[in-house]
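Each remark here refers to the structure printed beneath this line.
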There are 4 protein chains.
Amino acid sequence: MTATTPDAPTPAGSSHQRRKAERPSELLDAALQLFVEKGFAATKTEDIARLAGVSKGTLYLYYTSKEDLLREVISQRVSTRIADGMARAAAHEGSATELMRTLLVDWWTQTLESDASGVFKLVVSEVRNFPEIGALWTDEVALPGSQLIGSMIQRGIDSGEFRPVDVHCVVHSIVLPLVMLCVHRHSLGACDCPGMSMEPQDFIRAHIDLVLRGLAAHPQP
Amino acid sequence: MTATTPDAPTPAGSSHQRRKAERPSELLDAALQLFVEKGFAATKTEDIARLAGVSKGTLYLYYTSKEDLLREVISQRVSTRIADGMARAAAHEGSATELMRTLLVDWWTQTLESDASGVFKLVVSEVRNFPEIGALWTDEVALPGSQLIGSMIQRGIDSGEFRPVDVHCVVHSIVLPLVMLCVHRHSLGACDCPGMSMEPQDFIRAHIDLVLRGLAAHPQP
Amino acid sequence: MTATTPDAPTPAGSSHQRRKAERPSELLDAALQLFVEKGFAATKTEDIARLAGVSKGTLYLYYTSKEDLLREVISQRVSTRIADGMARAAAHEGSATELMRTLLVDWWTQTLESDASGVFKLVVSEVRNFPEIGALWTDEVALPGSQLIGSMIQRGIDSGEFRPVDVHCVVHSIVLPLVMLCVHRHSLGACDCPGMSMEPQDFIRAHIDLVLRGLAAHPQP
Amino acid sequence: MTATTPDAPTPAGSSHQRRKAERPSELLDAALQLFVEKGFAATKTEDIARLAGVSKGTLYLYYTSKEDLLREVISQRVSTRIADGMARAAAHEGSATELMRTLLVDWWTQTLESDASGVFKLVVSEVRNFPEIGALWTDEVALPGSQLIGSMIQRGIDSGEFRPVDVHCVVHSIVLPLVMLCVHRHSLGACDCPGMSMEPQDFIRAHIDLVLRGLAAHPQP
DNA sequence: AATGAATGAGAATTCATTCAT
DNA sequence: TATGAATGAATTCTCATTCAT
């Protein structure tokens, strides 16, 4: 709402100019990193500014408050990844099983590895203090995402690939552990406690596979 | 040392005494509720005290600092539920499938409904600021819990009920969505955003069922 | 003003009774020790109570406030020693030189070694926060003491033993280092810094001797 | 790192800059005054700030804590005066008697009249709560000062001007009343109690004179 | 635009004093 | 009397935000 620099055509000016155009996004990167790591309340605006390489005062030239920064951080990171997922789903072809395996494994692997995974933890930690985050998340992420996966499952049921199941529940069985994986990466997984270690990519693959087996109408080899 | 203990008649003592005995746990309840709702940094000690029905100063009669309260909140709530789970597992009999279905559904349903579910969100949100929470959680919850579930899966594999699978991954497929359910209940789920709604008990049952089907060595009806 | 137990004839009751009678003075001892060591503001009433072997509440049965305790501590300790000094001076005989040497050396040696020495430091540290201490000290200690010493010097001048000097100044030359010795004992001297070490008794003797030589009307051997 | 330092013309800079340079010393002045008057524990940081003409928060831009302020107050004020004394001593010539009279009278008169005199009271009052003050004082003030005076006395003994005396004791006879004079100026002397009144300069002169007479090897006129 | 000194409301913690037992 | 749990005013220190330069 505050910063509206879509830095689309790269202003191509002097390095000073280019610098200016990138500031908002550098600040957002810094803010995301620290909000995810420490939480909103425990993050100091001065630390965000320092991490972005500017001074405390400069932050306020681009964002009106710390809370404004939080809103922007969440809507920016989220919208791009969701749009991306929708586009890929639309383009895909083949059986429901194959579609789900490819799409889900790819999208979640990439999400987990990108900064976007931190947003999951941030939302979990902060929604109750900032209700508008909940609305944003539900409308732009949770509902579209559920619908997308739900429609793929329904397609499999209709084609006879899958048993008739409660689509809603299965969506959760699929998605919740992957969301938790993202959350975990930025909480316990970021500590040096061993224990829960495991290759995330392997797990994503194995998990999708396990669920698809659970869904299958006919026994699998 | 000086006066002879005058609580002669009943160890229950006066209401004054009784109060003192209950305060720590009342404070812990209040602290858990607020820490889970707002996060550690955004919770004011005065609010904890007020919620527990005492004054600011009284809190410090029982806990040395806000951080001390955080530590206690986590270790207290956690230890009881884990001990409980271990005990039940030891007592159970029957096939691995049946054991897992009963035990997991019961334990997680109860956990989700109790205050203890909030601890999951709290740990997720605060580990990175308080590393000792990570150690505590890993040692007392994550490792024992994983081992317990892992041993049940292994038992099923050994008996031929289950396919040979990567036990570690399956443990995560089982547990992560249930953990996420707890986390969700205290984040987005506590907001009035609709969307993700669903009967948790139904989901727990359906999820365990889905996984057990995915594990089954022989096709299920 | 608050406690008026002159414990003169020792009530001779039970040990419980005797205890009660001694409380005020035990509290005063504890208060003096801690006030001298840490200063008034940095001393906690609870520490005073503990050191006196009673509970926080008991203290308030004998003294109305922490400040009340301060007043009592000072007037009690001081009055006795001053009265003692006056009495001895009155009883003494002989030359001014001999009188001064004996009296000053004895009185200051005893004062330095008793708890009373702490009162000097306490007064120095706290007068500006509690003006009534200043009045008390001036009236009951500084003026009587100066007068006593001044009259001894005057006696020596009148008899031709001493040069004619500014009596006022000499009183200070005599007294200030001895006061400072008391103050020092409870400040730097109580730390384990070496340096200023020296046998106080030797110094007292040497100092009085030095001054008497400075005063002498005729050269000394 | 980013901007090229724009204070090109004169390092004096704007009034904004000039202010920043003076703040630390203004804060130190305010802190010294209040610590000496009320003692460390009874001084409020907000009062220090107000006396220095800044807000509460500004104080913490320059000093990390109230205790830090105490340390700085002591080391700053002390080091300059001691260095000054050493320099003068080195420059002086003439008989030991003359040297001591001139140097001691001057240095102590100036010290008594400057803010530095307050440091004596402050150290006396606070050493036991802050042991590092003791070390600082011993190393930087007490030992160098004693040595300086001791060497002057020894010079007089060697030259036959003074009787052979215990140098250590005489140093104390000289210094303790002067230290006490400083202490007194900021304790009882600052109250409106009369009594101990006397022109400090006269006393300093008379005291040094008295001691020098006490030291003299040959009778004085 | 950028800086960083200054502000002051706000939060954690302490401690003298009270009072029910 | 004696106790010690409870209180809440007071104090230190922090940090989001402003603004002169």
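The values are calculated or read from the model by the stated rules, or taken from the named source; none is laboratory data. This is a predicted model, so every value here is computed, not measured. Cβ sites come from the backbone with ideal geometry, for glycine too, and all protein chains shown count toward neighbours. Side chains are part of the model used for accessible areas, which takes the heavy atoms of the whole protein and leaves out ligands, DNA and RNA. Shrake-Rupley method; radii C 1.70, N 1.55, O 1.52, S 1.80 Å.
Results, tabulated for the structure shown:
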quantity	calculated
Residues (within 7 Å of chain D (Cβ to nearest Cβ) and open to solvent by 40 Å² or more (accessible area, probe 1.4 Å)) located in segment C:176-201	C:Ala190, C:Met196, C:Met198
Unmet criterion (only one of (1) at pLDDT 90 or above; (2) surrounded by 22 or more Cβ atoms within 10 Å (Cβ to Cβ); (3) facing chain A (nearest Cβ under 8 Å)) for B:Leu210	(1)
Any chance C:Ser173 is in a helix (DSSP H, G or I), more than 7 Å from chain D (Cβ to nearest Cβ), closer than 23 Å to D:Phe203 by Cβ and not β-branched (Val, Ile, Thr)	no
Residue among D:Ser173, D:Ser151 that is surrounded by fewer than 17 Cβ atoms within 10 Å (Cβ to Cβ) and on the phi < 0 side of the Ramachandran plot	D:Ser151
Subset of segment B:131-169 [facing chain A (nearest Cβ under 10 Å) and not in a helix (DSSP H, G or I)]	B:Arg163, B:Val165, B:Asp166
Residue match in segment C:104-125 (condition: charged (D, E, K, R) and closer than 20 Å to C:Ala41 by Cβ)	yes
Selection status of A:Ser125, touching a Ser or Thr at 6+ places or on another chain (Cβ under 6 Å) and either surrounded by 22 or more Cβ atoms within 10 Å (Cβ to Cβ) or at the interface with chain B (Cβ under 7 Å from one of its Cβ atoms) (or both)	yes
Within segment D:43-72, considering residues that are open to solvent by less than 40 Å² (accessible area, probe 1.4 Å) and over 28 Å from C:Glu126 (Cβ atoms), the one nearest to DNA strand F (Cβ to nearest atom)	D:Thr58
Leading residue by the ranking (farthest from DNA strand E (Cβ to nearest atom)) among those in segment A:22-51 that are within 11 Å of another protein chain (Cβ to nearest Cβ) and in contact with a helix residue (DSSP H, G or I) (Cβ under 6 Å, 6 or more places away or on another chain)	A:Val36
